[in-house]
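Enquirer: Below is a structure I'd like to ask you about.
The values are calculated or read from the model by the stated rules, or taken from the named source; none is laboratory data. Nothing here was measured: the structure is a model prediction, and the numbers come from that model. So basically every Cβ, Gly included, is an ideal-geometry build from the backbone, and we count neighbours across all protein chains shown. Note: areas computed on protein heavy atoms with side chains; ligands, DNA, RNA excluded. Shrake-Rupley method; radii C 1.70, N 1.55, O 1.52, S 1.80 Å.
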Amino acid sequence: MARSQEADAWQRIRLPYRPLAQLLADTPTEEPTAGNTVEILRNGEQYLGKLVQDILDARSYVHMEYFEYFKDYGSRLVRSALMLKGLDSLEVRYIEEDFMNFPNSNAYFNQMRWAGVEVEHYSFFWCNRRNHQKIVTIDDAVAYAGGMNIGNHYFYEWDDTHLRLTGPCVRKLEELYALMWKRVKGKPSRGASAQVVPEVPADAYRDVIVQMVSDEPDHRHQIMEGYLWMLENCQDYLYIETPYFTPPKVVREAMKKAVMRGLDLRLLIPEVTDMKVADPANRSYYKECLEAGIRIFESTGRFNHSKLFVADDYVSSIGSANVDGRSLTRNYENNTYFYDPAVAQDIKEHFLEECAAGHEVTLETLESWTCGRKMGNGLARILAPQI
């Protein structure tokens, strides 16, 4: 990668936000780059179609890593594309998370191996660590990252936010993938570039400054540190969307202080999630937040699995990390950060549209809850960290 792309990014990041970029750049792999294109994908069928086509167009390698990989119709389309490229003698590699993919039999993955796909398991459930990352890199040309896993829930049933990326940030994401491959396989990932020029739609954002950030157990937890920095330093607003909201105390305290100094802090959380214990666990934090002046909105309709934020019409992020203790301290996660007004405006507008389509939660709302519901919220708060 040309150093000029990194140097250009550092020069162009607005001065007040360079400390954030420096904080997140724990390794050279996590340094920001300029000259990237960004597609924000909120339609699961569109995501599936683009992903399958990019896999089929691959010329050198396809590297994939997902938290969940189902055996349904959409998942089998992706698996078939991987197997076709494996049979075509490309370097095709897939890392699967053992705990969440336990229902998938060895035969399901052995069929992929027989077709030439290298399948490796991430297996650290015994020490309460999970690989929650969602990464695809193809030929150093195209990458996918964000909140969507591989399954019909994401393709057809839920709302979510994902990314299709091109430019120098793809190589950065491939370097992050290579670290995990080395953990599970014990040898480096080759990932030779095929000098492919991928198709970029007209509505994609161009020349975006992108920063790829990973997080892992027993490390600095820079994703959480990034939230703490923004809560302390953002000047106008910080809007956060997360399906699971069980933040560590240090984050809650930073949120309260941010509102006290005048920051417009808003949370968007689904009214109903995919896990029964998550709904009351989320709501167990509402009273503390509302009393501090944080505004809370619940999205209605289809479950929204998005994990994102936007601040000050400039910095934003879409990724895999929830605002909960597990994502912020015990999982492997990857978030993509943008230093770009146009991307920020897109995410902000969509956030506000979702808030308007849902409803705002107030202290009066909480007063209408029964004692039994409040007790259930408290019990779920105890159980939620183990999920």
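Enquirer: So, of the residues in the range 32-42 that are of a type in the set (A, V, I, L, M) and open to solvent by less than 10 Å² (accessible area, probe 1.4 Å), which turns out to be farthest from the chain's Cα centre (by Cα)? Let's see the steps before the verdict.
Expert: The first filter runs over the range 32-42 and keeps only residues of a type in the set (A, V, I, L, M), leaving 34, 38, 40-41.
Applying the additional criterion that residues be open to solvent by less than 10 Å² (accessible area, probe 1.4 Å) yields 34, 38, 41.
Numbers: A34: 20, V38: 15, L41: 12 Å.
In this case the residue turns out to be A34.
Enquirer: Mind listing whichever residues of the range 245-263 are open to solvent by 40 Å² or more (accessible area, probe 1.4 Å) and either in contact (Cβ under 8 Å) with a residue 12 or more places away in the chain or part of a helix (DSSP H, G or I) (or both)? It would help to see each step written out before you state the result.
Expert: Taking the range 245-263 first, the residues open to solvent by 40 Å² or more (accessible area, probe 1.4 Å) are 249-250, 253, 256-257, 260-262.
The answer is K249, V250, E253, K256, K257, M260.
Enquirer: Just checking, how many residues over the range 211-233 are without any contact (Cβ under 8 Å) to a residue 24 or more places away in the chain and either in a helix (DSSP H, G or I) or in contact with a strand residue (DSSP E or B) (Cβ under 6 Å, 6 or more places away or on another chain) (or both)?
Expert: 0
Enquirer: Evaluate the following for A342: is it surrounded by fewer than 20 Cβ atoms within 10 Å (Cβ to Cβ), assigned to a helix (DSSP H, G or I), among the hydrophobic types (A, V, I, L, M, F, W, C) and without any contact (Cβ under 8 Å) to a residue 60 or more places away in the chain?
Expert: no
Enquirer: Just give me the residues in the range 348-379 being among the small types (G, A, S) and in contact with a strand residue (DSSP E or B) (Cβ under 6 Å, 6 or more places away or on another chain), in sequence order.
Expert: Within the range 348-379, just G358 meets the criteria.
Enquirer: Mind checking which pairs have a first residue in the range 91-118 that is assigned to a helix (DSSP H, G or I) and at pLDDT below 90 and a second that is surrounded by fewer than 14 Cβ atoms within 10 Å (Cβ to Cβ) and of a type in the set (S, T, Y), Cβ under 7 Å, 6 or more apart or different chains?
Expert: So the pair list comes out empty.
Enquirer: Which residue out of L84, L56 is in contact with a helix residue (DSSP H, G or I) (Cβ under 6 Å, 6 or more places away or on another chain), open to solvent by 50 Å² or more (accessible area, probe 1.4 Å), more than 29 Å from A342 (Cα to Cα) and hydrophobic (A, V, I, L, M, F, W, C)? So that I can check it myself, show each step before the final result.
Expert: Details: L84 fails: in contact with a helix residue (DSSP H, G or I) (Cβ under 6 Å, 6 or more places away or on another chain).
Only one candidate qualifies: L56.
Enquirer: Name the residues in the range 43-61 that are part of a helix (DSSP H, G or I) and either within 21 Å of the chain's Cα centre (by Cα) or more than 14 Å from L84 (Cβ to Cβ) (or both), would you? Steps first, please.
Expert: Of the range 43-61, the ones part of a helix (DSSP H, G or I) are 44-56.
The answer is G44, E45, Q46, Y47, L48, G49, K50, L51, V52, D54, I55.
Enquirer: Also, quick follow-up: Can you pull out the residues in the range 288-321 that are among the aliphatic types (A, V, I, L, M), crowded, with 17+ Cβ neighbours inside 10 Å and closer than 16 Å to L238 by Cβ? Write out each step before concluding.
Expert: Of the range 288-321, the ones among the aliphatic types (A, V, I, L, M) are 290, 292, 294, 296, 308, 310-311, 315, 318, 321.
Keeping just the survivors that are crowded, with 17+ Cβ neighbours inside 10 Å gives 290, 294, 296, 308, 310-311, 315, 318, 321.
Correct list: I294, I296, L308, V310, A311, V315, I318, A321.
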